[in-house]
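The values are calculated or read from the model by the stated rules, or taken from the named source; none is laboratory data. These numbers come from a predicted model, not from an experiment. Don't worry about glycine lacking a Cβ; one is built from the backbone with ideal geometry, like all the others, and counts go over all protein chains shown.
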There are 2 protein chains.
Amino acid sequence: MSLEQLYVKMALHAWESHIKRTDALFSSLTDEQLLQEVSPGRNRAIYLLGHLTAVHDSMCGILGLGERRYPQLDVIFLSSPDKAGPEMPPIKELRQYWSEANSRLADHFAKLPHPEWFQKHMSMSEEDFAKEPHRNKLSVLLNRTNHLAYHFGQLVLLKK
Amino acid sequence: MSLEQLYVKMALHAWESHIKRTDALFSSLTDEQLLQEVSPGRNRAIYLLGHLTAVHDSMCGILGLGERRYPQLDVIFLSSPDKAGPEMPPIKELRQYWSEANSRLADHFAKLPHPEWFQKHMSMSEEDFAKEPHRNKLSVLLNRTNHLAYHFGQLVLLKK
């Protein structure tokens, strides 16, 4: 196994294991539990479901993997805090978007040639990348894995 | 920059940025706030401070960087849940251990030759490592960064 393959494998392994455990948690929460706040006065689980879906969906764009599917989520789940944005889609649809966004990423990741992970991502100029080659597509994956772990840590607070 | 250097830089960058923001958060919390639960009935911030310190201190061992300094924390913060273990050290000492454990790791990481990050960690047999070379020292760093992000996500719930 080349170093490149090894590193991609390590990063994907971390991503997949966090997707798996967060997905299991969302599946175990009832619709009523999704409407609960993770801590008094803080985000509801449903907001975090939409927020993570919007962030994962937007990874298609930043990684150059194709059009994103749910840009309409951004105004609700990225640019507005919970309980302040436009009306949310029905919970059932949100659950479906979450699954589909992650499945699409998994398909893209399986097909992406290893060297491409080390190329610049789409929100960066050629000039900046020449100076900071560690800010590549794989670094986006590492960051998003940490972002997922961060919110997963909040979501587990709802487990009985 | 070699690929090896690049990977190590990416992983260390993520680790350091999470240490920095968690450290800033602990510093901003008063001793009284440290005694609060992150959500009703859940861990108190002081428990997470000790828990993260014990985990980071034990990284010296698993990464083969030398003797760990605070093994006495394990029985309180790893093998017992909050409010069930032996008495905790004073908050002031815990804050100091947290800083020192992270400083020691930073010193070790700065000196570790890049190729060593791709060697097996200490909790793994040669035989298993031959089969799963992605379970190396760098993977421990990636995992512990996610672990830190997970608890950081809980600790921010205490911010006013």
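Of the numbered criteria (1) over 25 Å from residue A:30 (Cα atoms); (2) within 16 Å of the chain's Cα centre (by Cα); (3) aromatic (Phe, Trp, Tyr), the one residue A:97 fails is (1). For segment A:73-80, the criterion of being touching a Pro at 6+ places or on another chain (Cβ under 8 Å), assigned to a helix (DSSP H, G or I), surrounded by fewer than 17 Cβ atoms within 10 Å (Cβ to Cβ) and away from chain B (no Cβ under 14 Å) is met by at least one residue. Condition first: of a type in the set (A, V, I, L, M) and either over 21 Å from residue B:20 (Cα atoms) or without any contact (Cβ under 8 Å) to a residue 60 or more places away in the chain (or both). Now tell me which residues in segment B:37-55 satisfy that. Within segment B:37-55, B:46, B:49, B:54 meet the criteria.
Scanning segment B:1-38 for residues that are among the β-branched types (Val, Ile, Thr), under 14 Å from residue B:151 (Cα atoms) and at the interface with chain A (Cβ under 10 Å from one of its Cβ atoms) turns up just one, B:38. Which count do you get for residues in segment B:1-42 that are modelled with pLDDT of 95 or more, more than 17 Å from the chain's Cα centre (by Cα) and of a type in the set (D, E, K, R)? Matching residues across segment B:1-42 total 4.
Tell me yes or no: at least one residue of segment A:2-24 is among the aliphatic types (A, V, I, L, M) and more than 26 Å from residue B:139 (Cβ to Cβ). For segment A:2-24, residues among the aliphatic types (A, V, I, L, M) and more than 26 Å from residue B:139 (Cβ to Cβ): absent.
Among the candidates B:103, B:123, the residue that is over 24 Å from residue A:14 (Cβ atoms), away from chain A (no Cβ under 12 Å) and surrounded by fewer than 18 Cβ atoms within 10 Å (Cβ to Cβ) is uniquely B:103. The set of residues from segment B:126-160 being more than 10 Å from chain A (Cβ to nearest Cβ), more than 15 Å from residue B:7 (Cα to Cα) and assigned to a helix (DSSP H, G or I) comprises B:126, B:127, B:128, B:129, B:130, B:131, B:144.
Here B:108, B:114, B:134 are screened, and the one residue that is within 23 Å of residue B:69 (Cβ to Cβ) and out of contact with any His (no Cβ under 6 Å at 6 or more places or on another chain) is B:108. Can you pull out every residue in segment B:126-160 that is among the small types (Gly, Ala, Ser) and surrounded by 15 or more Cβ atoms within 10 Å (Cβ to Cβ)? Residues satisfying the conditions are B:139, B:149, B:153. Report yes if residue A:58 is loosely packed, with under 14 Cβ neighbours inside 10 Å, out of contact with any His (no Cβ under 6 Å at 6 or more places or on another chain) and without any contact (Cβ under 8 Å) to a residue 40 or more places away in the chain, otherwise no. The answer is no for residue A:58. Inclusion of residue A:61 among residues that are in a helix (DSSP H, G or I), away from chain B (no Cβ under 14 Å) and out of contact with any Phe, Trp or Tyr (no Cβ under 8 Å at 6 or more places or on another chain) is warranted.
Does residue A:94 count as buried (at least 18 other Cβ atoms within 10 Å of the Cβ), in a helix (DSSP H, G or I) and in contact with a Gly (Cβ under 6 Å, 6 or more places away or on another chain)?
Yes; evaluated as a whole, the condition is true for this residue.
For segment A:41-52, state whether one or more residues are within 14 Å of another protein chain (Cβ to nearest Cβ) and under 20 Å from residue A:122 (Cα atoms). Yes, segment A:41-52 has at least one match. Would you mind stating whether residue B:120 is modelled with pLDDT of 95 or more, in contact with a strand residue (DSSP E or B) (Cβ under 8 Å, 6 or more places away or on another chain) and closer than 16 Å to residue B:60 by Cα? Judged against the criteria, residue B:120 is not a match.
Selection of segment B:7-34 for residues being free of Cβ contacts under 8 Å to residues at least 24 places away in the same chain and either surrounded by fewer than 19 Cβ atoms within 10 Å (Cβ to Cβ) or β-branched (Val, Ile, Thr) (or both) yields B:9, B:13, B:17, B:20, B:24, B:27, B:30, B:32.
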